[in-house]
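What follows is calculated from the coordinates using simple rules that are stated; it is not laboratory data. Please read all numbers here as calculations on a predicted model, not as lab measurements.
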Amino acid sequence: MNKPTFEIAASIGSVLLLILMCAIFESAGMMALGSVISLLAFTLLISAAGWKLANFGE
């Protein structure tokens, strides 16, 4: 997978994960805690993708 493809896939995947987690937590009635967990997971995923992009091809 080349760098631009990975960047697009990581971006789309992380946003979809955020939306999915928010929907799951909202349906479970845990929106306050779910928002924190969803944002934390999103931040960690984007950080890992950014780290991978910085070291891409090494």
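Computed from the mean reciprocal separation of all distinct C-alpha pairs, what Kirkwood hydrodynamic radius does the chain have, in Å?
12.2
In degrees between 0 and 90, to the nearest 10, how far off the longest principal axis of the chain does helix 3-27 point, with axes built from Cα atoms?
In the chain, helix 3-27 runs at an angle near 10 degrees to the longest axis.
Each residue of the range 46-56 in order: what ³J(HN,Hα) in whole Hz does its phi give by Karplus 6.51 cos²θ - 1.76 cosθ + 1.60, θ = phi - 60°, with x for Gly and Pro?
Coupling constants for the range 46-56: 5, 5, 5, 5, x, 5, 5, 5, 5, 9, 5 Hz.
Extension gain A23-A54, at 0.36 nm per residue separation less the Cα-Cα distance, in nm?
Answer, rounded to one decimal: 8.0 nm.
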